[in-house]
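Undergrad: Sharing a structure, written as structure tokens. Questions coming.
The values are calculated or read from the model by the stated rules, or taken from the named source; none is laboratory data. For clarity, every value in this text was computed on a predicted model and none was experimentally measured. Counting neighbours? That spans all protein chains shown, and the Cβs are built from the backbone with ideal geometry, glycine included. Accessible surface areas use protein heavy atoms only, side chains included; no ligands, DNA or RNA. Shrake-Rupley method; radii C 1.70, N 1.55, O 1.52, S 1.80 Å.
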Amino acid sequence: MGERPVVTPSAGITPVQQMLASGTGALLTSVFVTPLDVVKIRLQAQQTPFYQGKCFLYCNGLMDHIYVCQYGASCTSWYKTPTHFSGTLDAFVKITRNEGVRSLWSGLPPTLVMAVPATVIYFTCYDQLRDLLRYGMGFQGNYIPLVAGGLARLGAVSVISPLELVRTKMQSRKLTYSELRVCIRSSVAQDGWLSLWRGWGSTVLRDVPFSALYWFNYELVKAQLCDQYNVSQATFSISFTAGAISGAVAAIVTLPFDVVKTRRQIQLGEMETLGVPVKNHTSTWHIMRGIWAESGYRGLFAGFLPRVIKVAPACAVMISTYEFGKIFFQKMNLDREQQAC
């Protein structure tokens, strides 16, 4: 049997087309996962009500968002009625019946504002870095997706982190844009430009290893499935399966870092709300040791099932949509070239 020809994954499409494909994937993923988080947060709210000045974390599998409670149990549009829910399915039914189907997507706008640009940067940078390392610089080996995935996530987190901090400030204090400028200038004058990247370290410790593991496993599983079904390019179902498997594995391995990052992110949000100066906090390893002392390994892997159930399908939808978009643009460009000849 002859060797299968080597095809550059991103050959035939422009960076702008990669951005469009990843942006579409982020949009569909957010639409798909947001109702699950609306229901989850509603269930959490009735078990442990969120009080004024407290924060809760919303994550749609692509991005994390801090919401600050300002009006007791009705702190945001997420909590419109005190309806009691007996479970997940009951919550879906009652929210739809009492508040309308649109309420299931009440957290979508802020998700799109942050998730779409972050995902566009992340996925486009990954493809560009992977192709540069493999085809531009001639490196070979399974470690290339690992390196490219980690670096791409590092870049995306670094760009988005100040925007997330600004969004949290605006939501927590109801600031106008002019007041926000004064607030940011004051923060920078007092603590320097690095104050805009508070929480960056704990985010990086979770997201960079997650992305490195995710892309490493994704490319590996995708290649094995392509060999198994004897196809040269991954189909939608192959990308979906590989994305779900790799997302689940990465979510499980990095869960302890996610627990630490969630605690820190909520703490930072509450300090911003109360106007308390942010002090130098303890290291990630110190927090982990504290959690281990309090709850053992169960504490470090808290939220195991909800995270896997949410992240695995989110990764599957995102990557399969992205790969489909790239194939679509490749075919479109090829047809244009043939028509031009």
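Undergrad: Mind checking which helices (runs of 4 or more DSSP H) fall wholly inside the range 222-341 and carry at least 1 residues that are hydroxyl-bearing (Ser, Thr, Tyr) and either within 19 Å of Asp37 (Cβ to Cβ) or modelled with pLDDT of 85 or more (or both)?
TA: On the way: elements: 236-253, 255-274, 284-295, 297-300, 304-340.
Counting at least 1 such residues, we get 236-253, 255-274, 304-340.
Undergrad: Continuing with this model, one more query. Can you name the residue in the range 203-229 that is under 17 Å from the mean Cα position of the chain (by Cα) and of a type in the set (A, V, I, L, M) and is also nearest to Pro256 (Cα to Cα) among such residues? It would help to see each step written out before you state the result.
TA: Start the filter on the range 203-229 by keeping residues that are under 17 Å from the mean Cα position of the chain (by Cα), which leaves 203-215, 218.
Narrowing further to those that are of a type in the set (A, V, I, L, M): 204-205, 208, 212-213.
Working: Val204: 13, Leu205: 10, Val208: 14, Ala212: 16, Leu213: 15 Å.
Taking the candidates together, the pick is Leu205.
Undergrad: Are there any pairs with C-beta distances below 6 angstrom linking a residue in the range 22-34 that is closer than 19 Å to Arg102 by Cα to a residue that is open to solvent by less than 10 Å² (accessible area, probe 1.4 Å) and not in a helix (DSSP H, G or I), with the two at least 6 apart or on different chains, and if so which?
TA: Short answer, once both residue conditions are applied: Ser30/Asn60; Val33/Asn60; Thr34/Asn60; Thr34/Gly107.
Condition check ((1) open to solvent by 30 Å² or more (accessible area, probe 1.4 Å); (2) modelled with pLDDT of 75 or more; (3) more than 15 Å from the chain's Cα centre (by Cα)) across all residues:
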position: Thr81; (1), (2), (3): yes, no, yes
position: Ser86; (1), (2), (3): yes, yes, yes
position: Asp90; (1), (2), (3): yes, yes, yes
position: Thr96; (1), (2), (3): yes, yes, yes
position: Gly100; (1), (2), (3): no, yes, yes
position: Trp105; (1), (2), (3): yes, yes, yes
position: Leu112; (1), (2), (3): yes, yes, no
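Undergrad: Shifting gears a bit: Just checking, does the range 154-167 include any residue being within 15 Å of Trp197 (Cα to Cα) and of a type in the set (S, T, N, Q)? It would help to see each step written out before you state the result.
TA: If we filter the range 154-167 for residues that are within 15 Å of Trp197 (Cα to Cα), which is where we start, we get 154-167.
Filter once more, so that each one left must be of a type in the set (S, T, N, Q): 158, 161.
Within the range 154-167, one or more residues are within 15 Å of Trp197 (Cα to Cα) and of a type in the set (S, T, N, Q).
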